[in-house]
Amino acid sequence: MCHRPSPSHGPQEPLFGLDEIPRAPAAEPAPPARAFRDSAQARRLLTIREIHAEPAAAASPRGRQILARFPEARLIEVDSHWRIPELHGNEGSADDWMRIKRRTLVLGVRKTLTTRPNGRSADWIAPGPSNGCALSCVYCYVPRRKGFANPITVFTNIDRILAHLGRHVAAQGRKPEPNQCDPEAWVYDIGENGDCAVDALVCDNTADLVRAFRDWPTAKASFATKFVNPDLLELEPRGRTRIRFSVMPADDSRLLDLRTSPVDRRIAAAADFLDAGYEVHFNLSPVVVRPGWQDAWAQLLRHMDDVLPTRVKRQARAEVIMLTHNAGLHEVNLRWHPRGEDVLWQPVVQQTKRSQNGGLNLRYRDDVKRRALADLSELVARHAPWLGIRYAF
Ligand code: SF4
């Protein structure tokens with residue numbers, strides 16, 4: 001374990017066996033003046049006190065930028081960002097779920113740089129710039145593979161991720177024909193295992209990706225978010241990044257989407273993001289079947305219809321995603337937010353399926369899901385007919 005010495009601790013000791021990691025940030029494009037990520041509000045969401053870092057990640061330019069942003073944080077050396085027994089492997093961490101998300105960061109080097117075909121939300125799933133999240137959605141699938149804690153892990157080798165993506169985009173050439181992902185561009189999901197808008201509070205990984213995609217005319221980045229980060233408005237995506245604001249009825253969100261921006265704020269931000277050069281879509285997700293859910297969704301869709309300007313409606317599309325849950329995650333959630341499990345864990349209307357990595361996943365029974373999707377499609381057609389559904393899952 002290494003502790004980053006504070007200036008009062010005398011001469012700086014070597015870190016990780018390296019001579020010294022410079023404290024000054026690496027040369028990076030300057031963030032916008034008075035960036036939101038430096039505001040008191042952002043600092044309340046992320047009050048980083050502990051950074052677990054692989055040596056190479058801490059020594060990299062992006063790692064140094066992050067360490068410089070959080071000078072009070074204790075630096076702890078880890079062999080691998082995946083194997084941190086006192087964090088992910090410690091059952092007691094689940095009792096501290098929210099505090100760890102607020103106070104802890106992990107820095108790692110992404111080893112596997114693979115772009116996978118998808119075909120539903122996006123054409124391709126890019127190797128993401130992070131894994132984990134500072135927000136606390138109770139149903140989030142990312143912790144299923146991480147154990148008892150799920151803070152943000154930032155991958156610091158963003159240069160290699162960008163180089164890999166540049167090669168992949170070039171190798172595809174033009175998209176031969178339109179599909180439901182996009183009529184023209186190959187769509188790359190860049191935020192499969194995190195929230196890129198939240199990552200932008202930590203470092204410039206999201207900014208680097210948005211800027212890279214604006215130079216790739218055959219491709220488009222896409223990510224879902226539940227957080228309104230005004231700093232993203234400065235990035236000039238020039239139409240090459242699709243931001244997908246996830247929405248759900250306010251009562252569900254208050255119970256299940258902890259630490260996120262309120263749903264009405266996400267909806268209200270849509271026009272600003274469109275005007276800043278993003279394509280703005282919506283994820284109607286997850287749809288949680290509970291008594292009165294249809295009325296709650298009708299109210300949400302009517303609200304969207306009332307407040308969204310025509311220019312947003314004209315280009316908006318939606319994805320509909322029914323809740324999936326997981327037995328292991330249920331046990332973890334019971335330790336920190338049992339009330340959420342009252343609506344998520346409904347074995348009477350759910351069926352189980354063993355996943356590839358051995359976990360037990362729960363989805364709504366086929367008949368329940370079919371009916372729910374038909375109901376929701378009807379609600380969209382009635383209350384927000386401008387919102388074409390790209391796919392429902
Ligand atoms: S915003 Fe996304 S990644 Fe973050 S906790 Fe919620 S579902 Fe998970």
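The values are calculated or read from the model by the stated rules, or taken from the named source; none is laboratory data. Since we're looking at a predicted model, the values are computed, not measured. No Cβ is skipped: glycine too gets one built from the backbone with ideal geometry, and neighbour counts run over all protein chains shown.
Of note:
- Subset of the range 343-376 (residues that are touching a residue at least 40 places away in the same chain (Cβ under 8 Å) and not in a loop (DSSP other than H, G, I, E, B)): Val343, Leu344, Arg363, Tyr364, Val368, Lys369, Ala372, Leu373, Asp375, Leu376
- Residue in the range 285-308 that is buried (at least 19 other Cβ atoms within 10 Å of the Cβ), out of contact with any helix residue (DSSP H, G or I) (no Cβ under 8 Å at 6 or more places or on another chain) and part of a strand (DSSP E or B) present: yes
- Arg144 more than 13 Å from the ligand (Cβ to nearest atom), surrounded by fewer than 23 Cβ atoms within 10 Å (Cβ to Cβ) and among the charged types (D, E, K, R): no
- Lone qualifier among Ala197, Ala134 - being in a loop (DSSP other than H, G, I, E, B), surrounded by 22 or more Cβ atoms within 10 Å (Cβ to Cβ), within 12 Å of the ligand (Cβ to nearest atom) and within 12 Å of the chain's Cα centre (by Cα): Ala134
- In the range 95-109, the condition of being β-branched (Val, Ile, Thr), closer than 28 Å to Ala171 by Cα and away from the ligand (no atom under 16 Å from the Cβ) is met by at least one residue.
- Cβ separations smaller than 7 Å between residues 6+ apart or across chains give the following pairs from the range 56-73 residues that are under 15 Å from Arg37 (Cα atoms) to residues that are surrounded by fewer than 20 Cβ atoms within 10 Å (Cβ to Cβ): Gln65/Pro25; Gln65/Ala26; Gln65/Glu28; Ala68/Arg23; Ala68/Ala24; Ala68/Pro25.
- Test: residue in the range 217-233 that is surrounded by fewer than 17 Cβ atoms within 10 Å (Cβ to Cβ), touching a residue at least 40 places away in the same chain (Cβ under 8 Å), assigned to a loop (DSSP other than H, G, I, E, B) and touching a helix residue (DSSP H, G or I) at 6+ places or on another chain (Cβ under 8 Å): yes
- Pick from the range 243-283, criterion acidic (Asp, Glu) and assigned to a helix (DSSP H, G or I), ranking: farthest from His303 (Cα to Cα): Asp275
- Given (1) within 15 Å of Leu162 (Cβ to Cβ); (2) over 14 Å from the mean Cα position of the chain (by Cα), index of the condition Ala221 fails: (2)
- Single condition Gly119 does not satisfy, out of (1) more than 16 Å from the ligand (Cβ to nearest atom); (2) at negative phi; (3) out of contact with any His (no Cβ under 6 Å at 6 or more places or on another chain): (2)
- Residue within the range 153-168 that is closer than 24 Å to Gln356 by Cα, in contact with a Leu (Cβ under 8 Å, 6 or more places away or on another chain), part of a loop (DSSP other than H, G, I, E, B) and not hydrophobic (A, V, I, L, M, F, W, C) present: no
- Qualifying residue in the range 215-228 (condition: within 16 Å of the ligand (Cβ to nearest atom) and of a type in the set (D, E, K, R)): yes
- The number of residues in the range 54-88 that are in contact with a strand residue (DSSP E or B) (Cβ under 6 Å, 6 or more places away or on another chain) and under 15 Å from Arg103 (Cβ atoms) comes to 5.
- Comparison of Arg214, Arg238, Arg167, Arg259 shows that the only residue that is surrounded by fewer than 21 Cβ atoms within 10 Å (Cβ to Cβ), on the phi > 0 side of the Ramachandran plot and more than 20 Å from the chain's Cα centre (by Cα) is Arg238.
- Any hit, the range 296-311, residues being away from the ligand (no atom under 16 Å from the Cβ), more than 19 Å from the chain's Cα centre (by Cα), among the basic types (Lys, Arg) and at pLDDT 95 or above: yes
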